Every structure is written in structure tokens, then in C-alpha cells.
Amino acid sequence: MRWRPSPNSGLKALSLGLWGVVLVQSGASGRLDLLLRAVFHPLVWISGGLLLVLAVLELGSGNEAPLPPRQRLGLFAGCLAALAVLLLPPEPSFAELAANRSQDFQPGPGLNFVVPPGQRSLTEWVRLLRSEPDPKLHQGDPVKISGFVLPVPGDRPQLARLLVRCCLVDAVPVGLPVLWPPDQPTPEADQWLAIEGVMENETVAGQNRSVVRARQVRPIPRPQRPLEP
């Protein structure tokens, strides 16, 4: 007599298997780099593998106990959600996410700014300016940074990055004000750019601040790992 899985075990196995595929495919496709720091990627791979193993075990269980209607509905909904993620993978907008997050970023103790100005990343510049905010200290320093364009209400767009401890849930945006070249159109939100220029100071609402005067601006592809620790 040929073995056939029961409808109940088949539905559970399908749900487990689909979500296992979602996790494994997210890791294999590089999608995790948009959502989660690389140090946590192995947990996703392991979880995906465990879900696939559980799906196989569920198929072999032959469980004939009837499922309550709500549980069946929940399993169907889970299957549909997993299929949606597979067929329509999410593409998070960093600019929209940053617009809804506080930029209350603390540089933290023990920062080291021995790196020459022209080799500092955007986040290193932000940390430096938070700890040494006097614009005169940095005027004329060369700047070579990259990031995504972040619109700022009532101001020019900034060049920004997202700092994360774990994933996008705890992301904190950090950005630098930019004096964009007057002969170029205003960059669009979420566009990734590399900028070369110098650090200057300007007065906004009666307060001095450091600002990057961009001399060269070029579009770049989104980095493979755009989130920074």
C-alpha cells in the first residue's frame, strides 16, 4: 500500500517548507544584506534549514487529527505570505525609513580619528563632527564619501547611511549636509552617490555647521552591504 501524506500534515509541511525556502533563498540571493547585519546571517541559514527538516518530518508523521478552522486558515495565510515574499521580494526604501527614524545618534566613547580626512567614510565624518562640532576645525579638509540621498524638510538633501545593531528595525540614519553643484539637478531620494569635495562651514538659522561642498558627484550602484554597524 502506497503511503500518502494526510491533508493536515501536508498543509503544515507546505507552510514550514515555504518559509524555509524563503529564508534560504534570502541568504542565497543576497537580500539579507538589505535587511540584516552580516554577523547574523548564519542564524537565518540555520533557521531555514531547520524549517525544511521540520517540513520533511511533518510529511512523514501521517498526522490524521483534524485541524481547527482557524488553524487551517492561518496556515493558508502563511503559505500565501511566503509565496508573496518569494515572488515579490521586498525592496526597502532607505530614505523613507530614515525619514521616520530619529537621528539622535551618539558617537560613543573611545573613538579614534587618526584616519586622514580624505579616507574617512561618511559615518566616520558624522562621528567626528558629533564629538568635535566646531566647523573651523575641519574647514578645507578633503572629503570622499558615499551614501544614499536623504531628503530633509526645509533644507537641502543630505548624503546619508543607516547604522544598525542588528537589522532595519533598530536602524539609525546619519547624514551630512551637502552643498550640491549648482549646475546639476537636485539628486533624487534613495539614489546612491559618491561625492568628492571639501568640508566648509555655513550659517543656518544663526548657527554654524560643517557642510560638504561637493565638487564631483557620480551615481554608484547600491553597495552589496549597505548597512553599517
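The values are calculated or read from the model by the stated rules, or taken from the named source; none is laboratory data. Remember, predicted model here, so these are calculated numbers, not experimental data. Positions of Cβ are backbone-derived with ideal geometry, glycine not excepted, and every protein chain shown enters the neighbour counts.
A few points about this structure:
- Within the stretch 162-199, if we keep just the residues that are of a type in the set (Asp, Glu) and closer than 16 Å to Val217 by Cβ, the residue that is surrounded by the fewest Cβ atoms within 10 Å (Cβ to Cβ) turns out to be Asp183.
- Filtered by the rule that a residue be among the β-branched types (Val, Ile, Thr) and more than 21 Å from the chain's Cα centre (by Cα), the stretch 16-45 gives a lone residue, Val21.
- Answer from Arg130, Arg213, Arg156, Arg165 - the residue that is touching an Asp or Glu at 6+ places or on another chain (Cβ under 7 Å) and basic (Lys, Arg): Arg213
- For Gln207, the criteria (1) more than 28 Å from Ala38 (Cβ to Cβ); (2) touching a strand residue (DSSP E or B) at 6+ places or on another chain (Cβ under 9 Å) hold in every case but one, which is (2).
- Boolean, Val211 is farther than 20 Å from Ala98 by Cβ and assigned to a strand (DSSP E or B): no
- Within the stretch 127-154, restricting attention to residues that are under 24 Å from the mean Cα position of the chain (by Cα) and in a loop (DSSP other than H, G, I, E, B), the residue that is surrounded by the fewest Cβ atoms within 10 Å (Cβ to Cβ) is Pro153.
- Within the stretch 47-90, considering residues that are in a loop (DSSP other than H, G, I, E, B) and within 15 Å of Leu14 (Cβ to Cβ), the one farthest from the chain's Cα centre (by Cα): Asn63
- Exactly one residue among Leu32, Leu36, Leu11 is modelled with pLDDT under 90, in contact with a His (Cβ under 8 Å, 6 or more places away or on another chain) and either on the phi > 0 side of the Ramachandran plot or among the aliphatic types (A, V, I, L, M) (or both), and that residue is Leu32.
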